[in-house]
Each structure stands twice: as C-alpha cells, then as structure tokens.
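To keep things clear, I will list the structure first and then write my remarks on it.
The values are calculated or read from the model by the stated rules, or taken from the named source; none is laboratory data. Please read all numbers here as calculations on a predicted model, not as lab measurements. Here the Cβ is made from the backbone with ideal geometry for all residues, glycine too, and neighbour counts use every protein chain on show.
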Amino acid sequence: MTIRAVVTGVGHYLPERVMENAEFEKLVDTSDEWIRSRSGIERRHIAAEGETTSSLGANAARAALADAGKAAEEVDAIILATSTPDLTFPSAATMVQRELGMTHGFAFDVQAVCAGFVYALTTANAMIVTGQAKRVLVIGAETFSRIIDWTDRTTCVLFGDGAGALLLEAQEGEGSSADRGILAADLNSDGRHRDILYVDGGVSTGTTGHLRMEGREVFRHAVEKLAQTAQMSLEKAGLTAEDIDWVVPHQANIRIIQGTAKKLGLGMEKVVVTVQDHGNTSAASIPLALSVGRANGQIRDGDLVVTEAIGGGLAWGSVVLRW
Ligand SMILES: CC(C)(COP(=O)(O)OP(=O)(O)OC[C@H]1O[C@@H](n2cnc3c(N)ncnc32)[C@H](O)[C@@H]1OP(=O)(O)O)[C@@H](O)C(=O)NCCC(=O)NCCS
C-alpha cells in the first residue's frame, strides 16, 4: 500500500476589479497591441483597498473546501505560497487559518516567488506521505499590484492579483503511475540569478520595495528550465510526455508557455491557458489555472496533469499528478 496525496477539491478567487490593457495606455508609454503580442495578456484583476493576500487566499480556500464538501475543522494544515504576505509576519497562512475559524492544526507560508505553488504542493505531499497530516489546504495567493512599479512599462503590464487553492487528502494507492494523486515532483533553485528578478525592498531596507526584472534574461532561462524540470518529474514518475493529458503551466507569458509545450513535443490543445485573463499572478497562477481548467471541463478525473513554474531566485520546479 502506498499513501498518495490526492486532490479532492479546487477553487479560486479573483478580485472584482478587472483592468484591461488599454488602461495602461494612460499610465505609461505602451499599447494594448504591444502587451498582447509580447505577453499574451489582455486583462488582469486588481485587489481592492482592504483586500489582502490572506483575504484572497481565504476566499479561494473556502471555494476549494466547498468543492470537496469538507469543513475547515476537518483540515490538518494550511500551506500558503506567496511572496506578497500581508505583513512581514505572522504568515499569511495563519491569517487564513483565523479567517476560516480553524483553531487546531498548523499553518505556514512558503516563499519561492512564481514557483511557490509547486514548492508548496511538494511540501504538502511530503507531509501527507510521511503521515504528518491527512488533509492539507494548499493555497497560492498574491497581491503583486502592491509591489509593482506603476511607472515601469517593462514590468507593470505583466502582473495581476488572485488566489487559488487545492485540498489534498491522504488516500491509498497501489504504488503505480496509475494511482490518483501526486506521483512525482522536481524542485530546483540557483541563487546566482538573484539580480534578474527581485524586489528592491524588505527588512534590510525598511521599505516594501518594487519588482525589478530583466525580462529578456528571465525569458531565456524559463523555456529551457521549465521543459527540463517537466521532463525530470515525468521520468521520476516513470512516465513520458505522451502520457500527459494537461500541462498546467505557470502563467507568465504565452510565448514561454508555447515554447515549453513545443520543447515537450505537445500541442497547445493539451495546455490550460489563463494568462490572457489573469496576467502573471505569481504563486497563484497554477492553482487558478487548475481551478479554471476543472470548472470549464478540461481537467477530468483520472487525467494526468503536469504543472511547472519558474520565478525569482531563480527557483523552478514541477509536479506530476493524476487528478
Ligand atoms: C517582459 C517581456 C514580455 C518583454 O518582451 P521582449 O520581447 O523580451 O521585449 P524586450 O524586453 O526585448 O523589449 C523590446 C522593446 O519593447 C520595449 N518595451 C518594454 N515594455 C514595453 C511596454 N509595456 N510597452 C511598449 N514597449 C515596451 C522595450 O523598452 C524594448 O524597447 P527597445 O528595443 O527600444 O529597448 C518578455 O521578456 C518576458 O515575458 N520575459 C519573461 C518575464 C516573465 O515572465 N517574468 C516572470 C517570470 S515568473
């Protein structure tokens, strides 16, 4: 018998305010056409005053619990991936725990920027297969609109706010790649690339800071490393790209998504794409795309799903799971 961490619920939350590309034409020297053609992004959601990463995350968590037909009292742990927590501490995860009225178990944040959800899923899986928790809420939530430099046209047009969540539960499997649940994961980081994607503030500066990025450099690393990590986790699961039903990539740029699919030898009909509607929501992008893909009937029970992401650090990784 093998313990597997199986997805039993998924949900998401997006702030009400939608900002179309055209609105940026009034803020910086850009155009809807440039943003669409270089990134694939058409619009993004922006958190309202008073909305925070933890409030977005709590809404997504409620949706995932409702999808699973479970209550917060039945959850053992909350792992929340974010690089835009409400405060330096406590963790946004404990704030979600409080919002859900959950007074038992444990909650903590994971910070691996845009790769955060893949890191959080891998951590939750490790806790479930080693018996430390039976039911874990894994959340990706971000308010990148608060760390964007709204005067920098090379970055401000690319990001958005939102949250997504999965409920993972321990179930028995056979130990084969036909099992439901997380089958393999692959995590990587390389701190030498700090300066191509970072926020120029934090405890050491006494400011929140703004996101800074050398987009062309990040792009160059992304396609290569994403295809590599997807192949590595497939290999660990004893599977190949031909077995994939859906790739659910981090949604940063349609050209990165297309380039990675091509490297894996997959057509775009096997890729869940939400970047046009959400922009880059960092750690929230994968659970948001999983939730949208599930809601619109793309991802079905038994489907083999590969998620992959890369972000600041650089940090990157992938997870292979059977829904
Ligand atoms: C940012 C990104 C969309 C830029 O696309 P690109 O094709 O690489 O474009 P470049 O950076 O080469 O810029 C081309 C030109 O467009 C200009 N430009 C940049 N942003 C612009 C904007 N919003 N509107 C109009 N022009 C813009 C640049 O200044 C540059 O002009 P120049 O040639 O006169 O210097 C792309 O590099 C990218 O997506 N990178 C990865 C970013 C990412 O996903 N990061 C998150 C990972 S988690």
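General remarks:
- Test result for Asn188, touching a Lys or Arg at 6+ places or on another chain (Cβ under 9 Å), assigned by TED's automatic domain parsing to the domain that holds Gln97 and not in a loop (DSSP other than H, G, I, E, B): no
- Test: residue in the stretch 250-259 that is within 18 Å of the chain's Cα centre (by Cα), of a type outside the set (S, T, N, Q) and within 22 Å of Arg4 (Cβ to Cβ): no
Residues checked against (1) touching a residue at least 12 places away in the same chain (Cβ under 8 Å); (2) of a type in the set (S, T, N, Q); (3) crowded, with 24+ Cβ neighbours inside 10 Å; (4) in the same structural domain as Tyr119 (by TED's automatic domain parsing):
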| site | (1), (2), (3), (4) |
| --- | --- |
| Arg17 | yes, no, no, yes |
| Lys26 | no, no, no, yes |
| Ser31 | no, yes, no, yes |
| Ala61 | yes, no, yes, yes |
| Leu65 | yes, no, no, yes |
| Asp76 | yes, no, no, yes |
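- Restricting the stretch 94-120 to residues that are assigned to a loop (DSSP other than H, G, I, E, B) and not β-branched (Val, Ile, Thr), the residue that is surrounded by the most Cβ atoms within 10 Å (Cβ to Cβ): Ala112
- Counting only helices (runs of 4 or more DSSP H) that sit wholly inside the stretch 218-323, those with at least 2 residues that are in contact with a Phe, Trp or Tyr (Cβ under 7 Å, 6 or more places away or on another chain) are 285-295.
- Residue satisfying all of: in the stretch 121-177; closer than 19 Å to Ala289 by Cβ and assigned to a loop (DSSP other than H, G, I, E, B); farthest from the ligand (Cβ to nearest atom) among these: Gly160
- Search result, residues across the stretch 152-192 that are more than 25 Å from Asp76 (Cα to Cα) and surrounded by fewer than 19 Cβ atoms within 10 Å (Cβ to Cβ): Asp152, Arg153, Thr154, Ser176, Ser177, Ala178, Asn188, Ser189, Asp190, Gly191, Arg192
- All positions within the stretch 67-93 that are part of a helix (DSSP H, G or I) and in contact with a Gly (Cβ under 7 Å, 6 or more places away or on another chain): Asp67, Ala68, Ala72, Ala92
Okay, residues lined up against (1) of a type in the set (Gly, Ala, Ser); (2) without any contact (Cβ under 8 Å) to a residue 12 or more places away in the chain; (3) within 16 Å of the ligand (Cβ to nearest atom):
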{"position": "Arg255", "(1), (2), (3)": "no, no, yes"}
{"position": "Ser282", "(1), (2), (3)": "yes, no, yes"}
{"position": "Leu304", "(1), (2), (3)": "no, no, no"}
{"position": "Ala309", "(1), (2), (3)": "yes, no, yes"}
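- So Arg212, is it basic (Lys, Arg), outside the structural domain of Arg36 (by TED's automatic domain parsing) and exposed (fewer than 15 other Cβ atoms within 10 Å of the Cβ): no
- Tally of residues being in contact with a Leu (Cβ under 6 Å, 6 or more places away or on another chain) and of a type in the set (A, V, I, L, M, F, W, C) across the stretch 97-126: 1
- Residue in the stretch 66-82 that is among the polar types (S, T, N, Q) and within 16 Å of the ligand (Cβ to nearest atom) present: yes
- Some residue of the stretch 239-250 being under 14 Å from Ile41 (Cβ atoms), buried (at least 23 other Cβ atoms within 10 Å of the Cβ) and touching a residue at least 60 places away in the same chain (Cβ under 8 Å): yes
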